[in-house]
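Single-structure report; data block below.
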Amino acid sequence: MADAVHVGSGKVRELYALDDARLLLVASDRISTFDVVLPTEIPDKGRVLTGLSGFWFARTQSVCPNHLLALRPDGRSTECRRLRMLPIECVVRGYLSGSGWKDYRTTGEVCGHRLPAALRESDRLAEPIFTPATKAASGHDENITRTQAAALVGAEQLAEVERLSIALYQLAADHARGCGIIIADTKFEFGLDGGGRLVFADEALTPDSSRFWPADEYKPGGPQPSFDKQFVRDFCERTGWNKTYPGPQLPADVVAGTRARYIEAFERLTSMKFSTYLANPTTVLK
Ligand code: Q0Z
């Protein structure tokens, strides 16, 4: 990475420019919960997320072109095409949770979708809905209506990213359900290439960009356990932490249990051993 120039930081990822046309996206082992990055890392978390993104990019090429150029041998770095990113988060919800549930409870609607009365928290929706959000620099994205989103990207562009987002979600959610994982919702990002074509970018259907729930524990009517972060959340609740910076250090058993859950998600979804991925990350693209 001698001549990679650092161009951005996320809570748990770093972005570098390789040249005018290519970026390097590096997923760290940092973990955040309740919006705070914890002082303890989860070994291999960044590799699991990079491998899962690669897996989904490879398997959704028939739906939409994507930014992936190569996975590096370290398993946590993705070389990608440098795009002009759209200024909206393309969220798809198949289940009613998080801000979708909050908005529904207050207004009966989510991003302009009027939903049936008397839905419960975590209920499955009859059809997945496209619920765009703004990219708030401060961190917390804000749900917007499709009318507001159209004002940001244009009506034609919006209709196309909505269609693509729903198709990507349906493909992935169907696959994951067969692996015992419910993808309750997910956030996609799209960019435009030099020819003005829409390209699926950033991370693809990872547990950091989605809610993954264990299907065998699904019980609507309240919040669901997180497939990946539940040990961390339970530990944080037990300590009485007030959920402001800094967060607590995680004990070894919570780290090990959480690492095992990330690897379990990887192995279930890819039907590949994680050790095979570590030996040669490109195997996940075949
Ligand atoms: C992704 C982000 C990260 C901080 C910009 N293919 C692309 N072309 C242009 N821009 C991006 C991408 Cl993926 C892009 N982000 C999100 C990622 C650290 C911010 F690793 N920002």
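The values are calculated or read from the model by the stated rules, or taken from the named source; none is laboratory data. Just so it is clear, the structure is predicted and the values come from calculations on it, not from any experiment. Quick reminder, even Gly has a Cβ in these numbers, built from the backbone with ideal geometry, and neighbours come from all protein chains shown. Protein only, heavy atoms only, side chains kept; ligands, DNA and RNA dropped before computing areas. Shrake-Rupley method; radii C 1.70, N 1.55, O 1.52, S 1.80 Å.
Every residue, every condition in (1) open to solvent by less than 40 Å² (accessible area, probe 1.4 Å); (2) within 17 Å of the chain's Cα centre (by Cα), yes or no:
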residue	(1), (2)
ARG22	no, no
ARG47	no, yes
SER62	no, no
TRP101	yes, no
Inter-residue pairs, beta-carbon under 6 Å, first in a strand (DSSP E or B) and in the stretch 58-72, second at pLDDT 95 or above and more than 13 Å from the ligand (Cβ to nearest atom), 6+ apart: LEU71/GLY54; LEU71/PRO281; LEU71/THR282
Residue in the stretch 49-60 that is nearest to the ligand (Cβ to nearest atom), counting only those that are open to solvent by less than 30 Å² (accessible area, probe 1.4 Å) and farther than 19 Å from GLU14 by Cα: PHE57
Neighbours by Cβ (under 7 Å, 6+ apart or cross-chain): first from the stretch 75-92, open to solvent by 60 Å² or more (accessible area, probe 1.4 Å) and in a loop (DSSP other than H, G, I, E, B); second modelled with pLDDT of 95 or more and within 7 Å of the ligand (Cβ to nearest atom): ARG82/LEU23
Strands (runs of 3 or more DSSP E) wholly inside the stretch 175-219 that include at least 1 residues being open to solvent by 20 Å² or more (accessible area, probe 1.4 Å) and among the acidic types (Asp, Glu): 181-192
Cβ pairs under 9 Å, 6+ apart, first in the stretch 146-159 and in contact (Cβ under 8 Å) with a residue 60 or more places away in the chain and of a type in the set (S, T, N, Q), second assigned to a helix (DSSP H, G or I) and open to solvent by less than 60 Å² (accessible area, probe 1.4 Å): GLN157/ALA150
Number of positions in the stretch 116-133 that are farther than 23 Å from ALA155 by Cα, open to solvent by less than 80 Å² (accessible area, probe 1.4 Å) and assigned to a loop (DSSP other than H, G, I, E, B): 4
Residue count for the stretch 1-20, restricted to those that are open to solvent by 40 Å² or more (accessible area, probe 1.4 Å), at pLDDT 95 or above and more than 12 Å from the ligand (Cβ to nearest atom): 2
